[in-house]
Amino acid sequence: MTEQPSTRSTPATSATPVIGNETGVLLLAAGFSRRFGDIKLRARLRNGSSVFEQTLTRIAAATPRILVVTRPDLLDVPLTAQRVAQGLDQSVRIDVVQCPDAHLGMGHTLAFGMAHLPDWEGCLVSLGDMPFIATATYAQMLAALHHDTILLPQYAGEVGNPVGFGRDFFPALRAVQGDTGGRDVVRANRERVQLLPVGDAAILQDIDTPEDLARLDVV
């Protein structure tokens, strides 16, 4: 039997760290999409993919190491992760963990994910609702990330997402709360921040409403 790429959906108590010095992506997919009016991750793009599926597919083309953080009621997130993984090389590992406190804010989701992160040298904290960021942008950021830096992508003078954190900042990220996410960690370590110019306007493209999606989904 051919071994399939790994996907895993686990509660807080059963994550198994992977030892190594690689970098990877922590993909946050636990939001409530209150301004969107429906589950944004499930929204369909013109090409037929969902917002989350295209985001994950583009990330998986840049790295074989991905940890997705979702919430227990979003049952389609691990199913989508499994489907994406099955279409990829067997070296790709997409793990999924479920945050029971996602309703308390992005900070709690981020901290939960960081507590389950493998032993990576650094990670990109990425958002599941940014489907138009190019694979090349993720690859560029992962290549530039080091254990002692915070990496911010910049397009036309504006900073966007994802944000890269070296492992020196993992303890601080495991302690964040509320809706601030990793912003407080960035503010507290400005001397360690590096800006990375990228040629990808999609790092600035937040999707808050169906109108945003219709405007940005031009392909």
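Things worth noting here:
- Approximate shape of the chain as ellipsoid semi-axes (Cα gyration tensor, √5λ), whole Å, largest first: 22, 21, 18
- Listed values for region 159-176 are Karplus-derived 3J(HN,Hα) couplings in whole Hz (6.51 cos²θ - 1.76 cosθ + 1.60, θ = phi - 60°), namely 8, x, 10, x, 10, x, 10, x, 5, 4, 9, 4, x, 5, 5, 6, 9, 6, and x replaces Gly and Pro.
- Rounded to the nearest Hz, the phi-derived 3J(HN,Hα) couplings of region 28-41 under the Karplus curve 6.51 cos²θ - 1.76 cosθ + 1.60 (θ = phi - 60°) are 8, 9, 10, x, 9, 6, 5, 6, 6, x, 7, 6, 4, 4, where x marks glycine and proline.
- GNM on the chain, alpha-carbon springs under 10 angstrom: the most fluctuating residue among PHE170, PHE132, PHE36 is PHE36.
- Estimated 222 nm signal from helices in the chain, with DSSP H stretches of n ≥ 4 weighted -39500 (n - 2.57), rounded to 500: -7000 deg cm²/dmol
- DSSP-defined antiparallel bridges as percent of all bridges, the chain, nearest 5: 25 percent
- Kirkwood hydrodynamic radius of region 114-188, from inverse mean 1/r over distinct Cα pairs, in Å: 13.0 Å
- In order through region 108-119: 3J(HN,Hα) via Karplus (6.51 cos²θ - 1.76 cosθ + 1.60), integer Hz, x for Gly, Pro: 5, 5, 5, 4, 4, x, 4, 5, 10, 6, x, 7
- Charged neighbours of LEU104, selected by a Cβ distance under 12 Å, balance to -1 (K, R count +1; D, E count -1).
- R0 of 35 Å, Cβ-Cβ distance ASP101-ALA139: FRET efficiency to nearest 0.05: 0.65
- Mean separation of Cα contacts under 8 Å (6+ apart) over length of the chain, as relative contact order %: 25 percent
- Under 5 Å, built H, 5+ apart or other chain: amide partners of LEU127: LEU28
- By average C-beta atoms within 10 angstrom, highest first, the peptides 56-64, 100-108: 56-64, 100-108
- Taking label positions 7 Å along the Cα-Cβ direction at both ARG34 and ALA115, the computed distance is 2.3 nm, reported to one decimal.
Bear in mind these aren't lab numbers, they're just calculated from the coordinates by the rules spelled out. Owing to the predicted nature of the structure, the values given are computational and were not obtained by experimental measurement. Note that each Cβ is placed from the backbone with ideal geometry, even for glycine, and that neighbours are counted across all protein chains shown.
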